[in-house]
Structures are given as structure tokens and as C-alpha cells.
Amino acid sequence: CWIFFRAADLQIAMQFLDQIRYHFTFTNSFAFVQNYKIAVIMIGIGFLIHLIPDSWADKFIEKQKSYSIIYFVIVTFLFLFLYSYFKNTQSVMPIYLQF
């Protein structure tokens, strides 16, 4: 488990596991969702995409074969824009790594 590799010694790792096991609450979950709104939305969208039946995905792929090159250029630039947006955002060190 990464907890044991990250901790300086076994006592700190056990303290971390104790915090998770006995003192974990959802009291700050609303604040977490507000601060990481985009990430939570993307996780939700990814979850919903995994629920799409395979037959729908196959139909969508077949439909795309008739699209023009402009469609693929727009999709590619949209992907590059989103990738650069999320790549350039300032990384936040999670609280569990600050022990």
C-alpha cells in the first residue's frame, strides 16, 4: 500500500490508517465538491460514459465514418484545448501527503 511507502516510519502510517478508519466523516464533502467541481463533473461524466451500452457506442462509431474532416479537426483542437487547460492548472498537494 502506498501509505507505508509514503510515511517516514510505521507509526505515522498506522496513525494515518487510524484516522481513516475511526475519524473519517463526510462533513466537508460539500466544500470538497465546491472546490473540485470540474474534477467531480468529469468523474461523473466518465462514470456515465461507462454505462453506455456497447450497441450505442458501435452506432456512434459507424455514424462518425460519414463525418467530414472539419469535424475531426474541431474534435482534435477541442481535445488539445482541454488537455492544455488541465495540464497548466496549478497542482494542489492533497492534505494526506502533508503529514
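The values are calculated or read from the model by the stated rules, or taken from the named source; none is laboratory data. The shown structure was predicted, so the numbers you read here are calculated from the model rather than taken from an experiment. Quick reminder, even Gly has a Cβ in these numbers, built from the backbone with ideal geometry, and neighbours come from all protein chains shown.
Could you tell me whether any residue of the range 42-53 is aromatic (Phe, Trp, Tyr), surrounded by fewer than 10 Cβ atoms within 10 Å (Cβ to Cβ), part of a helix (DSSP H, G or I) and modelled with pLDDT of 90 or more?
yes
So how many residues does the range 24-33 have that are assigned to a helix (DSSP H, G or I) and loosely packed, with under 10 Cβ neighbours inside 10 Å?
Step one: of the range 24-33, the residues assigned to a helix (DSSP H, G or I) are 29-33.
Now narrow it down to the ones that are loosely packed, with under 10 Cβ neighbours inside 10 Å: 29-31.
Summing the residues that are assigned to a helix (DSSP H, G or I) and loosely packed, with under 10 Cβ neighbours inside 10 Å in the range 24-33 gives 3.
For the structure I just gave you, tell me whether Ala39 is at pLDDT below 90, of a type in the set (Gly, Ala, Ser), out of contact with any Lys or Arg (no Cβ under 7 Å at 6 or more places or on another chain) and surrounded by 10 or more Cβ atoms within 10 Å (Cβ to Cβ).
Working: at pLDDT below 90: no; of a type in the set (Gly, Ala, Ser): yes; out of contact with any Lys or Arg (no Cβ under 7 Å at 6 or more places or on another chain): yes; surrounded by 10 or more Cβ atoms within 10 Å (Cβ to Cβ): yes.
Answer is no for this residue.
Take the residues of the range 1-19 that are exposed (fewer than 12 other Cβ atoms within 10 Å of the Cβ) and under 21 Å from the mean Cα position of the chain (by Cα): which is modelled with the lowest pLDDT?
Restricting to residues being exposed (fewer than 12 other Cβ atoms within 10 Å of the Cβ) and under 21 Å from the mean Cα position of the chain (by Cα), the top hit is Cys1.
This table checks each residue for (1) in the same structural domain as Tyr83 (by TED's automatic domain parsing); (2) in a helix (DSSP H, G or I); (3) over 30 Å from Tyr83 (Cβ atoms).
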residue	(1), (2), (3)
Ala8	no, no, yes
Leu17	no, yes, yes
Tyr22	no, yes, yes
Ile61	yes, yes, no
